[in-house]
Amino acid sequence: MNFKKMILLTLASTAVVTAAAQSERLSGDRSGRIQFESVNVPDMWQFARKNNSNTTQLSVWGDLLMPKNVSGKVPALVIMHGSGGVEPWAYDLWAAKLNPAGVAVFVVDSYKPRGVQETNTNQLGDQVTMPSQTADALNALRVLATHPGIDSNRIYVIGMSRGGNPAFYSAWPMYQAAVNTNGAKFAGHIPMYPGMCNIRYRADHAEKATAPIFFALPDREREDYQDVAICQRYAKELADA
């Protein structure tokens, strides 16, 4: 992708988890694969209303890569994958660049724990819904915020394509309320060429995002799935509001 068009959007700035999940804490210099509790949610309507009558608990996982030779607490970036699932670039590009810069990277896998390899051929995602991925992002935040080596006030989330949806939705109080993060909030949200710009759930109608949102959009002539103009229009509407 040639990312010529970038839009910086800054907005003014119980739970569907088990009791056991609320007590999850990371200790010491913990890194590597980390399992944490999350939830399967059928649809956004139910998720927004904290209705857990038709949800199921499950453990998902992510790979935490910590920077070396640093002192003090470090910022962290949660990576939410796209329709192809976790791919090598999450490690070979993002972690390889950010770890030496002193940033921890947490690569969340929303698919394999649910027995799914990819959703390129089924974007409806009956097995892995958008609210389920959003719950994964917020639960990843909850767990990372307990790590003694990570600054809980500087945890960001980025998502590519389908993963851009949870990176966006997790900015809004209506969806945050569905997961008990023990008070933790993402410091910033980065939907990268996201797939949700033409879907309106009205979470943004009467609420303000709790942190800046940075829409990273590709060149309109090179993007072959999402209409970049729709994302630009949506970003402008949000900024105007």
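The values are calculated or read from the model by the stated rules, or taken from the named source; none is laboratory data. This structure is a prediction, so every number in the text was calculated from the model and none was measured. FYI the Cβ positions are ideal-geometry reconstructions off the backbone, even for glycines, and counts take in every protein chain you see. Areas reflect the complete protein model, heavy atoms only, side chains present, ligands, DNA and RNA absent. Shrake-Rupley method; radii C 1.70, N 1.55, O 1.52, S 1.80 Å.
Ser110 contributes an accessible area of around 0 Å² to the protein surface, as traced by a 1.4 Å probe with all chains present. Available extension along the chain between Arg33 and Arg154 is 41.5 nm, counting 0.36 nm per residue and deducting the alpha carbon span. Among the trypsin sites (Lys or Arg not before Pro) in segment 61-136, those placed in a DSSP loop whose Cβ has at most 10 other Cβ atoms within 10 Å are Lys68. Legend: distances between Cα atoms for Lys73/Lys236; Lys112/Lys208; Lys185/Lys236; pairs beyond 30 Å are Lys73/Lys236; Lys112/Lys208. What shape does segment 78-158 take by its C-alpha gyration tensor, where a ≥ b ≥ c are the square roots of the eigenvalues and a/c under 1.5 counts as rounded, a/b above b/c as prolate, and the rest as oblate? Note, shape of segment 78-158 comes out oblate.
The modelled label-to-label distance for the pair Asn51/Ala96, using points 7 Å beyond Cα in the direction of Cβ, is 4.6 nm.
Counting only heavy atoms of the protein chains and using a 1.4 Å probe, Arg154 has close to 90 Å² of accessible surface.
For every other residue with a beta carbon closer than 10 angstrom to the beta carbon of Met66, add +1 if it is Lys or Arg and -1 if Asp or Glu, then tell me the sum. After counting each charged neighbour, the total is +1.
Largest accessible area first, the residues Asp92, Asp43, Asp136, Asp151 order themselves as Asp92, Asp43, Asp151, Asp136 under a 1.4 Å probe with ligands, DNA and RNA left out. Residues in segment 47-93 average 50 Å² of solvent-accessible surface per residue, probe 1.4 Å, ligands and nucleic acids excluded. The accessible area of Val116, taken with all protein chains in place and a 1.4 Å probe, comes to roughly 10 Å².
So what is the accessible area of segment 98-151 per residue, in Å², with the probe set to 1.4 Å?
Per-residue value: 32 Å².
Using bins of 10 Å that start at zero, the share of Cα-Cα pairs per bin across segment 146-203 amounts to 22, 49, 25, 4, in whole %.
Kindly identify segment 17-158 as rounded, prolate or oblate by the Cα gyration tensor criterion: order the square roots of the eigenvalues as a ≥ b ≥ c, call it rounded if a/c is under 1.5, otherwise compare a/b with b/c, prolate if a/b is larger, else oblate. In terms of gyration-tensor shape, oblate. Summarising the amide proton neighbourhood of Met80: residues at separation of 5 or more, or on other chains, whose placed amide H is nearer than 5 Å comprise Ile158, Gly159, Met160. Taking all protein chains together, Ile158, Ile199, Ile190 sort by accessible area into Ile199, Ile190, Ile158, largest first [probe 1.4 Å].
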